[in-house]
Structures are given as C-alpha cells and as structure tokens.
2 protein chains.
Amino acid sequence: MRYAVLGTGIVGRTIAAKLSSLGHETVIGTRAPATTLARTEPDGYGNPPFAQWQADHAAVRLVTFAEAAAWAEAVVNTTAGAASLDALTAAGADNLAGKVLIDVANPLDFSAGMPPSLNPVNTDSLGEQIQRAFPHTRVVKALNTMNCEVMVDPSRVTGEHDVFLSGDDTDAKKQVAEVLVSFGWAAASVIDLGDITTARGTEMLLPIWLRLWGALGHADFNFHIAGTRTSA
Amino acid sequence: MRYAVLGTGIVGRTIAAKLSSLGHETVIGTRAPATTLARTEPDGYGNPPFAQWQADHAAVRLVTFAEAAAWAEAVVNTTAGAASLDALTAAGADNLAGKVLIDVANPLDFSAGMPPSLNPVNTDSLGEQIQRAFPHTRVVKALNTMNCEVMVDPSRVTGEHDVFLSGDDTDAKKQVAEVLVSFGWAAASVIDLGDITTARGTEMLLPIWLRLWGALGHADFNFHIAGTRTSA
C-alpha cells in the first residue's frame, strides 16, 4: 500500500517509519519540503531536525502535501490540529477523494497557555470538521488518544489497553483496524465507537491524558475499557 | 461518620444505601421532602418513586438540603449537574464550610437533545465552579466517570479499573480515598490527578462514556489506565 503521512513532527515520523518498516511505500508530506530539509535546529519539542531523521530513513521521501496525497492510496493526518484543515486543503480535495484518511490529530489550543484546551470541542470535533470539509474522503479518527511510541508499539504498555475508531465508512474502519493489527494491536483491543461524531469523545480524552502524563511521570500508558465486550 | 447525600435520583439512592449499609448515619437532602415523598410515579429515568425506595431503606431519612448539610460531617453531591450550584446554595455555604464535599455530578447539557454536551467544559468544570462558589468547602471530584452501580461495587466490572480524584485539599482526597476503599476499590485503583482543575479531564470523559455505553450495550464497564504506576 502507498501511504502519505502528512506532517513532519514526531508523530508523523514515528508512523511513517513504522509503515515503511512493514514494507509499505511511504512518503511524508509537508508544506515546503526544501525549507523543512534546510532546518538544522531541533524542533519546538526538542526533536532532531527532519534532515537528520531522513538520513536514517532514506526510503521515506519528503514531498509536498499535494504530491503526497496525489501519489498515495491512503493518507495519515499527523499535522497539528490547528493546522490540519489548511494542510488538507493544500493536499487537495481531489487528491484525497475516495481515499481512507486516518486522522490522528487533536485540536489542541495553546492560545491561553498550558495546559492546552480543545477547539473545536463538545458539540463538534476536528474529525467531523475534516469529514465535512472533505466529504468524498473516508475519514477514520484513530490513535489520537496515546503517545506516538505506543501507537506503533502497543507492547510498550503493560496489560490490556485499547484504541478507538470513529468514522462513517464501515469498510474504511475495517481497513484501519487491519493497519492497527499490523502495528501490533490485538483485534479485540480495537473499539469501534460508531460514526465520526464519536471523535468528540476521543478528542476529549486529551485533557485527562495530559494530566495523567503529569501524575504518572511517563507517557507509556493508555486507556483500557474494562468490562465485558459484546460484538457490535 | 454522618453523611448527607444531596439528590434523590438513582445515583444518590445508590450511594446513600451503600453508606448506610457500611454503618454510616446517612440522610438524603432534597429541595422539598414532602413533595418528593408524595410522588407516586416513576422518575424520568423509570426509577420507582422515592417513597418506595425509602420504604426499603428506612434508616435513611429524607430532609431538606440545608438540614442535611447542617447535620452531616461530609456531603456527597449527586444532584443533576445543571442544578448543583442551586442545590448547594440551598444547602448553605455556612453548613458546608470546612466539610469534605464529594462531587459526583457531571454538567450534562440536554438543551440541544441527545447525546448531551457539557456545560461548563474545556476551560472550566463543574468541580471548579463548586470550589469557587464554596471556597471554605473541601471539594473532591470523584466517581463521576462510571455508572452508579459500579461506584459502590467495583467488582461488577471484570479486570482492573480505576477511579479518579481531583481536588485542592490533600487531606480531603485522602479521606475520600478511604471511603472508596470501603466501597470495595483497591487503593492502587484510586488515581489522584491533582488539583480541582483536573476535574475538567474527568468530566470530559462523559462523551466517550456515553458512546461506549451504546457500543457495548451495557453500563458495567469502566476506564482503566494501563501502564506502570509511579507513586506521586
């Protein structure tokens, strides 16, 4: 499968490396590849400059959002939530049409300082905004409720823990569930919450996630829904 | 310990019955006891009228909010979130001063239909509103992230699962943790998230809780935080 991962941050790098390691042709999309590659300083979170990461992952090319989306069969949105709609607009509605888009972003709002709040929230979600803006794209919200290292290696967290799917397209959710299983997730740990409006629920896990990160002192934790599972 | 449970709904009844069964003197507070006792129809959720429940729990008297708060050593708020500030105002700031208040309510907003949204949300929480309105009361948000049957009998849910505490008063949180252990919670399952602003995180679990309720088809589930626990 040809994957385009949109976003050059640590989440995008981690998912792109995993997809590439599984044998998928993978590109990363960004606004201005030459600018990104020219950076020599760590990013705002202290991650090494992209060019350094790319040297270790030569199979993953860096291209524009539009080139990435046009070339790929499936797309992963790992851009910052506040920038996601612009990034996807740059990727191009025609380039995204008919494709599965795994939306990993959270609409964190840092405008009032730390901890961030969410925008949109409560009566809307970023997942829904993306689905409304790109009605011909098969949006599946997934993986946005955990640290990126856990996304691609669930064995980092001891015990049973879960990953949630939200989306309007049943076949798209099935495809994403298969990707998650290839990442190491047990099929029984993939919980289909329902349509894309259920993304409100997973995005609204971020505030407690951030507080747990502080209380536990590490990010190798995840949510588990304890109790009997009945098949939907 | 003398407990006042504010609210005559199923959550209040369930917690009052548990406290009473553990040997605590317990009253339930409501706005107009005579009116509540005169009802002969099930409530809006299909629960039997209060008088019927009271007949089976004669040790638990029904009194006014103010009588309950004045008499009690500790208070549990199980009123509907939208009515909580009014109920606590009726209970009286002086009657609540210095006491531990376990806030179990969630600020569900049904004004736009189902599923409910939250109000306040994101940059504020009901727990914080209550603490600001009653600065001399020791507010601890707890138990608001699960069905009331699970609150008082965690063994209903298979496997490990957790309960969260939010509050500014460390001793008050310790007291509430002891109450939870007396309800059957393992001490290791009580997670102190931090100050009362962390109540935003637990109240914001409600949207995914409601969707999980739908997806799983039952309410005997709960959140578990998987991963290594370091003591705070």
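Note on the stretch A:2-216: Rg/Rh from Cα positions, Kirkwood definition for Rh, rounded to two decimals, is 0.93.
The value given for the protein assembly as shown is a Kirkwood hydrodynamic radius of 23.5 Å, derived from the mean inverse Cα-Cα separation. Shielding by partners for peptide B:187-196, expressed as the average number of C-beta atoms from other protein chains within 10 Å of each residue's C-beta, is 2. Proximity of backbone amide H atoms, modeled 1.01 Å from N, is registered between A:E25 and A:Y3 at under 5 Å, excluding neighbours fewer than 5 places apart on the same chain.
With all pairs of different alpha carbon atoms counted, what Kirkwood hydrodynamic radius in Å does the stretch A:58-173 show?
Numbers: mean 1/r = 0.0655 Å⁻¹.
The answer is 15.3 Å.
Scale the Cα Rg of the stretch B:21-60 by the rule-of-thumb value 2.2 N^0.38 Å and send over the ratio, two decimals. Relative to the rule-of-thumb radius for its length, the stretch B:21-60 sits at 1.24. Across the stretch B:214-220, rounded Karplus estimates of 3J(HN,Hα) from the backbone phi angles (6.51 cos²θ - 1.76 cosθ + 1.60, θ = phi - 60°) give x, 5, 8, x, 7, 10, 8 Hz, Gly and Pro being marked x. Peptide B:210-221 has a mean shielding of 5, counted as Cβ atoms of other protein chains within 10 Å of each residue's Cβ. Computed over the Cα atoms of the stretch B:163-232, pair by distinct pair, the Kirkwood hydrodynamic radius stands at 13.5 angstrom.
Rounded to whole numbers, the Karplus 3J(HN,Hα) couplings from phi for the stretch A:43-58 are 6, x, 9, x, 6, x, x, 4, 4, 5, 4, 5, 4, 8, 9, 5 Hz, using 6.51 cos²θ - 1.76 cosθ + 1.60 with θ = phi - 60°, and x at Gly and Pro. Could you pull out which residues in the stretch A:2-37 have an amide N less than 12 Å from a spot 7 Å beyond the Cα of A:A58, following the Cα-Cβ vector? Hits in the stretch A:2-37 for A:A58 at 12 Å: none. Annotation: amide H-H contacts under 5 Å for B:T64 (H modelled 1.01 Å from N, sequence separation of 5 or more, or interchain): B:T30. As a proxy for reagent exposure, A:I196, B:I15 were ordered by neighbouring Cβ count within 10 angstrom, fewest first; the result is A:I196, B:I15. Label-point spacing at B:A93 relative to the other copies reads 5.4 nm, in ascending order, each point sitting 7 Å out from Cα along Cα→Cβ. Dividing the summed helix terms, -39500 (n - 2.57) for each DSSP H run of n ≥ 4, by the number of residues in the protein assembly as shown produces a 222 nm estimate of -10500 deg cm²/dmol to the nearest 500. Scalar couplings 3J(HN,Hα) for the stretch B:76-87, obtained by applying the Karplus form with A = 6.51, B = -1.76, C = 1.60 to θ = phi - 60°, are 10, 8, 10, 6, 4, x, 5, 9, 5, 5, 5, 5 Hz; x denotes Gly and Pro. Normalised by the residues of the stretch B:2-216, what does the relative contact order come to in percent, with Cα pairs under 8 Å and at least six apart? RCO, the stretch B:2-216: 18 percent. The stretch A:174-232 and the stretch B:42-96 have Cα centres lying 36 Å from one another. For the protein assembly as shown, lysine pairs with C-alpha atoms less than 28 angstrom apart, excluding pairs fewer than eight positions apart on the same chain, total 18. Mean partner shielding of peptide A:197-207, defined as the number of other chain Cβ atoms within 10 Å of each residue Cβ, is 6. For A:W209, A:W71, the sequence from fewest to most other C-beta atoms within 10 Å is A:W71, A:W209. For B:S155, the point set 7 Å out from Cα toward Cβ sits 3.6 nm from its twins in the other copies, listed from shortest up.
Where does each of A:216-223, B:6-13, B:17-24, A:141-148 land if you order them by average Cβ count within 10 Å, highest first?
Values: A:216-223: 19.0, B:6-13: 23.4, B:17-24: 17.1, A:141-148: 25.0.
Listed from highest to lowest mean packing, they are A:141-148, B:6-13, A:216-223, B:17-24.
Two decimals is fine: what is log10 I(q)/I(0) at q = 0.17, 0.24 Å⁻¹ for the stretch A:57-126, from a Debye sum with one equal scatterer on every Cα and no solvent? Values, matching the q order: -0.70, -1.06. The other copies place their A:S21 label points at 4.9 nm from this one, listed shortest first, where each point is 7 Å from Cα along Cα→Cβ.
Taking the Cβ of each residue in A:R138, A:R156 as the centre, tally the other Cβ atoms inside 10 Å and list the residues starting with the fewest.
Numbers: A:R138 24, A:R156 18.
Fewest to most other Cβ atoms nearby, the residues stand as A:R156, A:R138.
Throughout, read-outs are computed from the coordinates displayed, never taken from laboratory work. Everything quoted here is computed from the prediction, not taken from an experiment. Using ideal geometry, Cβ is built from the backbone for each residue, glycine included, and neighbour counts are taken over all protein chains shown.
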